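Here is the structure we will look at, set down as structure tokens.
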Amino acid sequence: MKKLILLMLSFSSAAFAQNKPKNIIFMVGDGMGVSQIYAGLTANKGHLNLEQVKVIGFHRNQASDNYVTDSAAGATAFATGKQTYNGAIGLDSLKQPSVTLLELAEQKGLSTGLVTTCDITDATPSSFIAHQLKRSMHEEIAADFLKTDVDVVIGGGRKFFEKRVDKRNLLDSLRKKNYQVLGDIQSMASVHQGKLVNLYADENPVKMSEGRGDALLKSTQKAIELVGTNKKGFFVLIEGSQIDWGGHANDAPYAIAEMIDFDSSIGWVLDFARKNKETLVVITADHETGGMALMGGNMKTGEVNAAFTTKGHTGQMIPVFAFGPGADDFSGIYHNYDLFTKMRLALRLGQK
Ligand code: MG
Ligand code: ZN
């Protein structure tokens, strides 16, 4: 009897260990509701890489002061586990700084990264690394990048680091902290180790339709290559930022092109996780944008007939897709801030 119990205990702890990932790749399609996903699938003639993911949940995403969240409160909920007010960057509803997943990962010796197709000081990435009252405080947010030992930063917004009201050159400060500082996608190819800040646009990177090409895919691959050498693991945020802007513009082709671009990175990340076996991939959005409805379409021609109900965000539930060890914890309906706890426990990161 005693032997049997011991045997059962060892079985259960082994199963437990196997369900804990060493790494998390957290992917946020800003403004990516179910309609944006299905519009992308239709325009792509019936397929998305995202369809490979079998564990799906939904998150409720109210802000503390509004039924409809913005990207700042949404990302702060993911990053800190706190419901907060629209516009807050890494602060709780009482405007107090709250420790982020990225900071907890750094404290535990994991490598970390932030990859976007917008300003790196925009709401989504900055909620993981900065603590500021308002999302519009780009220069203050940029200065916060020097306070955390993030390993890889790739996105736009170079001007907030080097053309500042306070005349500081934060890129020089980053170089002093041993970062390799770049300003374009191509030159990343020769970087294979060390810390990297690549701010490849002065403001926001251009849209897909204006020639952004495979910048997000190349950024994703480089970030994972650089952080992947850490034996303790890594936490990386990859954002498809401009799906949201297509929604705000009520421009379906814009949202669709950005959706399909984000899905290319999803495909590469899922292939990586399948081979790596120790990586949990969590894919979601902060909110839906545009109140997009699909009035018709054609899977053979890729035609999409979309209508919009608002130039802003909507309050609908948002899907969460999880793949890899620990994925089962992400099914069901829960709050956006529960994603923080789920990811923190998955990586065994310390309590606040
Ligand atoms: Mg965003
Ligand atoms: Zn938005």
Quiz item: How many residues are among the polar types (S, T, N, Q) and within 16 Å of ligand 1 (Cβ to nearest atom) if we restrict to segment 244-274?
Solution: 1
Quiz item: Taking strands (runs of 3 or more DSSP E) that fall entirely within segment 277-330, which contain at least 1 residues that are within 19 Å of Glu51 (Cβ to Cβ) and either open to solvent by less than 10 Å² (accessible area, probe 1.4 Å) or within 13 Å of ligand 2 (Cβ to nearest atom) (or both)?
Solution: 279-284, 318-323
Self-check item: Residue in segment 173-186 that is surrounded by 17 or more Cβ atoms within 10 Å (Cβ to Cβ) and touching an Asp or Glu at 6+ places or on another chain (Cβ under 7 Å) present
Solution: no
Exercise. Could you grab the pairs with beta carbons closer than 7 Å, sequence gap of 6+ or different chains, first residue in segment 120-141 and without any contact (Cβ under 8 Å) to a residue 40 or more places away in the chain and basic (Lys, Arg), second one within 13 Å of ligand 1 (Cβ to nearest atom) and open to solvent by 10 Å² or more (accessible area, probe 1.4 Å)?
Key: none
Exercise. Could you tell me whether Ile266 is more than 26 Å from Leu196 (Cα to Cα) and part of a helix (DSSP H, G or I)?
Key: no
Exercise. Take Asn250 and decide whether it is open to solvent by 10 Å² or more (accessible area, probe 1.4 Å) and on the phi > 0 side of the Ramachandran plot.
Key: yes
Quiz prompt | Test result for Leu216, over 22 Å from Ala75 (Cα atoms), at pLDDT 95 or above and open to solvent by less than 10 Å² (accessible area, probe 1.4 Å) | solution = no
Exercise. Select from segment 133-157 the residues that are open to solvent by less than 40 Å² (accessible area, probe 1.4 Å), under 24 Å from Lys108 (Cα atoms) and not aromatic (Phe, Trp, Tyr) and list them in ascending order.
Key: Ile141, Ala142, Ala143, Asp144, Leu146, Thr148, Val150, Asp151, Val152, Val153, Ile154
Exercise. Say whether the condition of being part of a helix (DSSP H, G or I), polar (S, T, N, Q) and in contact (Cβ under 8 Å) with a residue 12 or more places away in the chain is met by at least one residue in segment 234-256.
Key: no
Exercise. Out of the residues in segment 85-100 that are touching a residue at least 24 places away in the same chain (Cβ under 8 Å) and surrounded by fewer than 24 Cβ atoms within 10 Å (Cβ to Cβ), state the one that is nearest to Gln316 (Cα to Cα).
Key: Gly87
Practice problem: Working carefully through the options Lys108, Lys82, find the one that is more than 14 Å from ligand 2 (Cβ to nearest atom), open to solvent by 10 Å² or more (accessible area, probe 1.4 Å) and over 25 Å from Pro319 (Cβ atoms). | Solution: Lys108
Quiz item: Restricting attention to segment 235-261, which residues are among the acidic types (Asp, Glu) and within 16 Å of ligand 2 (Cβ to nearest atom)?
Solution: Glu239, Asp244, Asp251, Glu258
Quiz item: Out of all the residues in segment 224-234, is one or more more than 16 Å from ligand 2 (Cβ to nearest atom) and within 26 Å of Asp70 (Cα to Cα)?
Solution: no
Quiz item: So Arg135 clears everything in (1) under 18 Å from Leu182 (Cα atoms); (2) within 16 Å of ligand 1 (Cβ to nearest atom) except one condition, right? Which one?
Solution: (1)
Quiz prompt | Failed condition for Tyr85, given (1) within 13 Å of ligand 1 (Cβ to nearest atom); (2) farther than 23 Å from Phe235 by Cα | solution = (1)
Exercise. Please work out if Met208 is without any contact (Cβ under 8 Å) to a residue 60 or more places away in the chain, of a type outside the set (Val, Ile, Thr) and closer than 27 Å to Ala306 by Cα.
Key: yes
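The values are calculated or read from the model by the stated rules, or taken from the named source; none is laboratory data. Quick caveat, the model's predicted, so the values are computed rather than measured. Counting neighbours? That spans all protein chains shown, and the Cβs are built from the backbone with ideal geometry, glycine included. Side chains included, ligands, DNA and RNA excluded: accessible areas come from the protein's heavy atoms. Shrake-Rupley method; radii C 1.70, N 1.55, O 1.52, S 1.80 Å.
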